[in-house]
Amino acid sequence: MTGRRAWACVTALAVLVGLTACDADGSPADAAAPSGSTTAAPSAPARSSGSPTPDAAAGEAGATESPAAGRSTELYARTDTQAATAWAQATGEDKALLARIAQTPQAAWIGDWTAADAARDQVRALTTAARDAHQTATFVVYAIPGRDCGLHSAGGVSTSRYASWVDTVAAGVVGQPIVVLEPDALAQLGDCDGQGDRVGFLAYAAAALDAAGADVYLDAGHSGWLPVDEVVRRIGLVGTEHLAGFALNTSNYQSTSDERAYGERIASRLDGLGFVIDTSRNGNGSNGEWCNPRGRALGETPRLVDDGTALDALLWVKSPGESDGACNGGPDAGRWWQEIALELARNAS
């Protein structure tokens, strides 16, 4: 199965049947500072029994038709977020402000802070609920070995366990969710020890999740991080055969206009490969800081996009109100910070 499926068939079936972060457990999700690594990729890891074999070499890009053509036109809004809990407990003006976050679709973060079987069950529950509602779920896979190079969201599974961990999580996929694959992993390639065969791991994960039915968007940093040529080169190392596209601005604050221009330049070098943008906290753009900057605002409402460009969706990948890390007065990465949540909502237009 490839990242660009026969969407017309899916759409026809839909007509026949009449169709359509961090979580409360504290998943970390910060964006890292820019780096300039150009380290080449090692070979792909050995595959687990019964799972797809990824192509770690430069893969061919798929057709230019947007995956959005085969999905529901609505994104699934979860009710198990930390924002939802805070909103339920709030009163007055705070409750009204927090509703702007709690009632907006946002991604679930799936990582090694949860046992693999439990992570699989979390994915199954999320994607089943979205399918039953004729909506599209979004989740983030965030367990790459050497994650975040020891910064605020350091962690990840061991190099010997990553493939089997991914296989287990992929087994929970129901329907056609959007998956943002491993924030910062591609942009931090070669920046620290402990990464193992990172290119091979990313290729393996893309293949496994694609085979399970997900639309996989490989995280590629943001416009303030790597130049277009380098992003194109690194995506080529992983290969595009099992990708629906790439993801930009995850957990960062770059403006939508900047990311859209950056994404179109990358896409034009990859045969029109699609991309998604995290708009959760970019309403006021970036002030150059990435860890709990003040004066920011909620960004555009998440939605699927089908406008003839390479942009497939605007998403809330990072959950507004969850800390980037213990910096600028914030708690540990992924912890709820009501003060910043209210500030983001209050500053939104």
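Tabulated data for the structure shown
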item: Boolean, PHE246 is surrounded by 23 or more Cβ atoms within 10 Å (Cβ to Cβ), in contact with a Gly (Cβ under 7 Å, 6 or more places away or on another chain), farther than 19 Å from ALA77 by Cβ and among the aromatic types (Phe, Trp, Tyr); result: no
item: Residue within region 102-116 that is farther than 22 Å from ALA154 by Cα and acidic (Asp, Glu) present; result: no
item: Condition check for GLY196: of a type outside the set (A, V, I, L, M, F, W, C), modelled with pLDDT under 95, surrounded by fewer than 24 Cβ atoms within 10 Å (Cβ to Cβ) and on the phi > 0 side of the Ramachandran plot; result: no
item: Tally of residues being surrounded by fewer than 24 Cβ atoms within 10 Å (Cβ to Cβ), under 18 Å from the mean Cα position of the chain (by Cα) and more than 16 Å from ASP215 (Cβ to Cβ) across region 267-282; result: 0
item: Criterion: touching a Gly at 6+ places or on another chain (Cβ under 6 Å) and surrounded by fewer than 24 Cβ atoms within 10 Å (Cβ to Cβ) - qualifying residue of THR159, THR128; result: THR159
item: 2 or more residues of a type in the set (Val, Ile, Thr) and in contact with a Ser or Thr (Cβ under 8 Å, 6 or more places away or on another chain): qualifying strands (runs of 3 or more DSSP E) within region 168-276; result: 178-181
item: Residue pairs meeting the criteria (Cβ under 7 Å; at least 6 apart or on separate chains; first over 14 Å from GLY221 (Cβ atoms), in region 268-284; second acidic (Asp, Glu) and surrounded by fewer than 20 Cβ atoms within 10 Å (Cβ to Cβ)); result: THR279/GLU300
item: Test result for ASP306, surrounded by fewer than 21 Cβ atoms within 10 Å (Cβ to Cβ) and either modelled with pLDDT under 95 or in a loop (DSSP other than H, G, I, E, B) (or both); result: yes
item: Meets criteria (surrounded by 18 or more Cβ atoms within 10 Å (Cβ to Cβ), of a type in the set (D, E, K, R) and touching a Pro at 6+ places or on another chain (Cβ under 8 Å)) for ASP167; result: no
item: Looking only at region 225-253, and only at residues there that are of a type in the set (Gly, Ala, Ser) and within 17 Å of the chain's Cα centre (by Cα), the one that is farthest from GLY285 (Cα to Cα); result: ALA244
item: Contacts under 6 angstrom Cβ, first residue in region 224-241 being farther than 13 Å from ARG269 by Cβ, partner modelled with pLDDT of 95 or more and in a helix (DSSP H, G or I), 6 or more apart; result: LEU237/VAL199; VAL238/VAL199; VAL238/LEU202; VAL238/ALA203; GLY239/ALA203
item: Condition check for GLN188: surrounded by 24 or more Cβ atoms within 10 Å (Cβ to Cβ) and closer than 28 Å to ARG265 by Cα; result: yes
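Matching residues to (1) under 24 Å from THR128 (Cβ atoms); (2) of a type outside the set (Asp, Glu):
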{"position": "ARG233", "(1), (2)": "no, yes"}
{"position": "LEU237", "(1), (2)": "no, yes"}
{"position": "GLU241", "(1), (2)": "no, no"}
{"position": "ALA247", "(1), (2)": "yes, yes"}
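The values are calculated or read from the model by the stated rules, or taken from the named source; none is laboratory data. This one's a predicted model, so the numbers in the text were calculated from it and none came from an experiment. Every residue, glycine among them, receives a Cβ derived from its backbone with ideal geometry; neighbour counts consider all protein chains shown.
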